[in-house]
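I have placed the structure first, in the form of structure tokens, so that the comments after it can refer back to it.
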Amino acid sequence: MSTGNILKSLRDATMMTQADLAEKVHVTRQAVSRWENDETIPGPDLLVTLSKVFGVSIDVILDSSEERYCECCGMPIEPSIMGINSNGELDPRYCKWCLDEGKFVYTDPDQMLDFLVTNLPQEGMSKDECRKFYQKHLLELPYWKSKLKKENA
């Protein structure tokens, strides 16, 4: 995805107009339009400002080749489906289905497992096999590792 498309996705996800974003980063609306149309890219100082406005790293804006995954469910993440934290900013660690306005939708691993087994069954696996597969997968994700560690402390 191009930097322009990423900026547009981030802007759309935060429900800002080009004028709103321009005002926040102290540029013209036309400058935002040129970025989104890939005519130019923001300079280093503006990339820092944009990363703060959107609550994402500069790597996200520049589309580093590293693929990101939700730390709660493991789904691949792109800017348009990032979760929203309690400050209303995008959180690149979680998808919008796991983190909604700073609140985690799934707080219990069994609740998450039930959702995954029901909605994302693995082809050729029984429900029990699928549940074991996802259980092993969830225990490797940072959100659940941290949560279970705190509960067992």
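The values are calculated or read from the model by the stated rules, or taken from the named source; none is laboratory data. Everything numeric in this text was worked out from a predicted model, so none of it was measured. Methodologically, a virtual Cβ is constructed for each residue, glycine included, from the backbone with ideal geometry; neighbour enumeration extends over all protein chains shown.
Yes or no: the range 41-54 includes at least one residue that is within 30 Å of LEU138 (Cβ to Cβ) and out of contact with any strand residue (DSSP E or B) (no Cβ under 8 Å at 6 or more places or on another chain).
Within the range 41-54, one or more residues are within 30 Å of LEU138 (Cβ to Cβ) and out of contact with any strand residue (DSSP E or B) (no Cβ under 8 Å at 6 or more places or on another chain).
(1) loosely packed, with under 14 Cβ neighbours inside 10 Å; (2) more than 30 Å from ASP59 (Cα to Cα): which one isn't true of ASP114, the others all being true?
The one condition ASP114 does not meet is (1).
Go through the range 26-63 residue by residue and tally those that are among the small types (Gly, Ala, Ser) and within 16 Å of MET82 (Cα to Cα).
Qualifying residue count, the range 26-63: 3.
Return only the number of the condition from (1) surrounded by fewer than 14 Cβ atoms within 10 Å (Cβ to Cβ); (2) more than 20 Å from the chain's Cα centre (by Cα) that LEU120 does not satisfy.
Every listed condition holds for LEU120 apart from (2).
Looking only at the range 39-74, count how many residues are in contact with a Leu (Cβ under 9 Å, 6 or more places away or on another chain) and either hydrophobic (A, V, I, L, M, F, W, C) or not in a loop (DSSP other than H, G, I, E, B) (or both).
Summing the residues that are in contact with a Leu (Cβ under 9 Å, 6 or more places away or on another chain) and either hydrophobic (A, V, I, L, M, F, W, C) or not in a loop (DSSP other than H, G, I, E, B) (or both) in the range 39-74 gives 14.
Okay, residues lined up against (1) loosely packed, with under 14 Cβ neighbours inside 10 Å; (2) more than 20 Å from GLU89 (Cα to Cα); (3) outside the structural domain of ASN5 (by TED's automatic domain parsing); (4) of a type in the set (Val, Ile, Thr):
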site: LYS24; (1), (2), (3), (4): no, no, no, no
site: THR28; (1), (2), (3), (4): yes, yes, no, yes
site: ASN37; (1), (2), (3), (4): yes, yes, no, no
site: LEU46; (1), (2), (3), (4): no, no, no, no
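Give the residues of the range 85-107 that are in a strand (DSSP E or B), touching a residue at least 24 places away in the same chain (Cβ under 8 Å) and not aliphatic (A, V, I, L, M), sorted by residue number.
Once the filter is applied, which keeps residues that are in a strand (DSSP E or B), touching a residue at least 24 places away in the same chain (Cβ under 8 Å) and not aliphatic (A, V, I, L, M), the range 85-107 yields ASP91, PRO92, ARG93, TYR94, CYS95, PHE104.
Does the range 38-48 contain any residue that is of a type in the set (Asp, Glu), closer than 27 Å to LEU148 by Cβ, out of contact with any Asp or Glu (no Cβ under 9 Å at 6 or more places or on another chain) and touching a residue at least 24 places away in the same chain (Cβ under 8 Å)?
no
If a residue has to be touching a strand residue (DSSP E or B) at 6+ places or on another chain (Cβ under 9 Å) and not in a helix (DSSP H, G or I) to count, how many in the range 108-152 make the cut?
Summing the residues that are touching a strand residue (DSSP E or B) at 6+ places or on another chain (Cβ under 9 Å) and not in a helix (DSSP H, G or I) in the range 108-152 gives 1.
Please find, within the range 2-38, the residue that is modelled with the lowest pLDDT out of those that are outside any helix (DSSP H, G or I) and more than 26 Å from GLU101 (Cα to Cα).
Checking each candidate, the answer is SER2.
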